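Written below as structure tokens is the structure these notes are about.
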Amino acid sequence: MSEPLSDFKVIIAGGSVAGLTLANALEKAGVDYVLLEKRDIAPELGFALLILPCTTVVHDQLGVSKNYLPPAIPFNIREHFDGRGGLVSRTNEGHLIGEKGKRPLIMIERSRYLRALRDGITDQSKLRSREGIVGYEEGPHGVTVTTDKGNRIQGSLLVGADGIHSAIRGMMHPTVDTTKQFETTFRVLIGTSFNHHVDNKEKLLMAEGSTNHTIHPGVGGLACASIPGKIFWAMYVPLEKKPLPESGKRTYSDSDIEEAISECADVHCCAESTFGDLYRSRTATIMVPLEEGVVDLPWSSPGGRVALVGDAVHKTTATLGLGGNAAVDGVCYLMNELVPLLRRTSKAVQPRQPTSEELAKVMKAYERQQRPRAAYAMNASYYATRFETMHSWWAWVVRWVYGLLPVGFKVRVFSDFNGSAPVFDWLPHPDAVEGKKEQ
Ligand SMILES: Cc1cc2nc3c(=O)[nH]c(=O)nc-3n(C[C@H](O)[C@H](O)[C@H](O)COP(=O)(O)OP(=O)(O)OC[C@H]3O[C@@H](n4cnc5c(N)ncnc54)[C@H](O)[C@@H]3O)c2cc1C
């Protein structure tokens, strides 16, 4: 940890991908902060996240990726099957991206990833779990938040990393229903399963290391045997078959899950196995709506002391696994603007705090850079989900030519996203010691 930059203090709402990455970065930059998470940090939920090399580079800079990399099996081959298990396409996309990014493309348990981010923080007293933010007041010199425990905390900047149902976003735009910034066309059933048949432990459901997509009318899917003995999987179903969860609930009920799986149990996730097989060998499942959108309202307050990052302002479907990676990019852009400002002001002839105007400028610069990246992730995921569920007329055309398309074309979404990702430009690039320039 470096010397404190000043008595500037950041309050972070949310202790997940964006919030914990930001906390690590602030600690590395020597900026004071406190993180409030309304639930537990890194809860054991049993689900997974795909991590691109560009995200691992950033976490290398923070020194936390070594805690999550093993024992993932790099995702090298990507196969697309039709619902009857017929092979549509097979490419070495993962291998190509991993080779270019000098790091493997992996899919690991979300809890393992979040634990690695949490444990990377030296001063754990800055993390407060089971305490959510329920209000804030912004003034010209700072921001004061109120928590659900009745505490009031003062800071210089509040960052809402509080996800798709962001309370901070709602408070920032009190006259607008900000949930209308997102569209919901699909729901997703997510599961983790043992990689063996429920009645035969010797028989694998999928080859270890394989990553498969399913293209089928009305249900698309993804299944990754990406850690030894486990499969992470997801099934996307258009909402027209089932509206949103009961009012006031954010997840579907167990009977909704049973109903969804009974309709799609025979759909294949690879040549030999079906989603029904995966469900029977499950260790955990959950079904949630899949919101999509990039908030077109401002991402920061006019006074510059409240800003939003991650899913609070951009949400993609889960088909390509880009959402969490995009959240890390947002933190990079924000910190790349904030750190130079804090360094300038703390080293001024008369050291001082940044003004609200200076902060507002920095937040606008962050938003300007992250907005197109978020839109890219959102649009790529939008089309991938509609393709795999054959939800649009064009998907039927693409389906028949997909197997013939060159690997270079199929790899482009990941490769463009990965190749144009930001890093922390105030920290050494992890590959720089070898004298090589990344990207
Ligand atoms: C099925 C599915 C699969 C996915 N797969 C991938 C994948 O493979 N790869 C990938 O990169 N992304 C994936 N994503 C997306 C990824 O999960 C999100 O983009 C990522 O978690 C966003 O991180 P975040 O920190 O912005 O928000 P979240 O992860 O939603 O975290 C927000 C946090 O804020 C807390 N919080 C909420 N309100 C408050 C408050 N008032 N005060 C304090 N704390 C609060 C919440 O409890 C939560 O911990 C997937 C998403 C889904 C739904």
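The values are calculated or read from the model by the stated rules, or taken from the named source; none is laboratory data. The shown structure was predicted, so the numbers you read here are calculated from the model rather than taken from an experiment. Ideal geometry is used to build each Cβ from the backbone, glycine not excepted, and the neighbour counts take in all protein chains shown.
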Practice task
Check the range 90-105 and report whether any residue there is within 20 Å of the chain's Cα centre (by Cα) and without any contact (Cβ under 8 Å) to a residue 40 or more places away in the chain.
Solution key: no
Problem - Filter result for Pro228 (out of contact with any strand residue (DSSP E or B) (no Cβ under 8 Å at 6 or more places or on another chain) and not assigned by TED's automatic domain parsing to the domain that holds Ala384) - result: yes
Exercise for the section: Would you check if Gly85 is of a type in the set (Gly, Ala, Ser), in contact (Cβ under 8 Å) with a residue 40 or more places away in the chain, surrounded by fewer than 19 Cβ atoms within 10 Å (Cβ to Cβ) and more than 20 Å from Trp233 (Cα to Cα)? Expected result: no
Completion exercise
Of the residues in the range 28-41, those that are within 20 Å of Gly142 (Cα to Cα), away from the ligand (no atom under 13 Å from the Cβ) and of a type outside the set (Gly, Ala, Ser) come to Val31, Asp32, Tyr33
Practice task
Give Leu49, Leu36 a once-over and let me know the one that is surrounded by 20 or more Cβ atoms within 10 Å (Cβ to Cβ) and at pLDDT 95 or above.
Solution key: Leu36
Exercise for the section: Look at Lys203 and say whether it is basic (Lys, Arg) and touching a residue at least 12 places away in the same chain (Cβ under 8 Å). Expected result: no
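Can Arg280 be described as more than 24 Å from the chain's Cα centre (by Cα) and of a type in the set (Lys, Arg)? Please lay out each step first, then the result.
On the way: more than 24 Å from the chain's Cα centre (by Cα): yes; of a type in the set (Lys, Arg): yes.
Yes.
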Exercise for the section: Check Gly15 against each of (1) near the ligand (Cβ under 8 Å from one of its atoms); (2) surrounded by fewer than 18 Cβ atoms within 10 Å (Cβ to Cβ) and name the one condition it does not meet. Expected result: (2)
Exercise for the section: Give the residues of the range 62-103 that are at pLDDT 95 or above, closer than 30 Å to His216 by Cβ and among the β-branched types (Val, Ile, Thr), sorted by residue number. Expected result: Val88
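I'd like the residue in the range 302-312 that is within 14 Å of the ligand (Cβ to nearest atom) and more than 12 Å from the chain's Cα centre (by Cα) and, out of all such residues, is nearest to Val188 (Cα to Cα).
As a first pass, look at the range 302-312 and keep what is within 14 Å of the ligand (Cβ to nearest atom): 306-312.
In the following step, the residues that additionally are more than 12 Å from the chain's Cα centre (by Cα) were identified as 306-308.
Working: Val306: 32, Ala307: 29, Leu308: 25 Å.
Only one residue fits best here, namely Leu308.
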Completion exercise
Going through (1) of a type in the set (S, T, N, Q); (2) under 24 Å from Lys38 (Cα atoms); (3) away from the ligand (no atom under 13 Å from the Cβ) one by one, Ser193 fails only at (2)
Exercise for the section: State whether the residues of the range 64-86 include one that is within 13 Å of the ligand (Cβ to nearest atom), of a type in the set (Val, Ile, Thr) and in contact with a Leu (Cβ under 8 Å, 6 or more places away or on another chain). Expected result: no
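Consider Glu44 carefully, then state whether it is in contact (Cβ under 8 Å) with a residue 24 or more places away in the chain, touching a Ser or Thr at 6+ places or on another chain (Cβ under 7 Å), in a helix (DSSP H, G or I) and outside the structural domain of Met235 (by TED's automatic domain parsing). Explain how you work it out, then say what you get.
Numbers: in contact (Cβ under 8 Å) with a residue 24 or more places away in the chain: yes; touching a Ser or Thr at 6+ places or on another chain (Cβ under 7 Å): yes; in a helix (DSSP H, G or I): no; outside the structural domain of Met235 (by TED's automatic domain parsing): yes.
It is false that Glu44 is in contact (Cβ under 8 Å) with a residue 24 or more places away in the chain, touching a Ser or Thr at 6+ places or on another chain (Cβ under 7 Å), in a helix (DSSP H, G or I) and outside the structural domain of Met235 (by TED's automatic domain parsing).
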Problem - Every residue from the range 145-187 that is away from the ligand (no atom under 15 Å from the Cβ) and assigned to a strand (DSSP E or B) - result: Gln154, Leu157
Practice task
Give the residues of the range 196-220 that are more than 12 Å from the ligand (Cβ to nearest atom) and in a strand (DSSP E or B), sorted by residue number.
Solution key: His197, Asn200, Asn212, His213, Thr214, Ile215, Gly220
Practice task
Scan the range 107-125 for residues that are in contact with a helix residue (DSSP H, G or I) (Cβ under 8 Å, 6 or more places away or on another chain) and buried (at least 17 other Cβ atoms within 10 Å of the Cβ) and jot them down.
Solution key: Tyr113, Leu114, Arg115, Ala116, Leu117, Arg118, Gly120, Ile121
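Being of a type in the set (Gly, Ala, Ser) and outside any helix (DSSP H, G or I) narrows it down to one residue among Ala360, Ala421, Ala377; which is it? Break it down into steps so the answer makes sense when it comes.
Details: Ala360 fails: outside any helix (DSSP H, G or I); Ala377 fails: outside any helix (DSSP H, G or I).
It is Ala421.
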Exercise for the section: Examine the range 237-248 for a residue that is out of contact with any strand residue (DSSP E or B) (no Cβ under 8 Å at 6 or more places or on another chain), part of a loop (DSSP other than H, G, I, E, B) and among the polar types (S, T, N, Q), and state whether such a residue exists. Expected result: yes
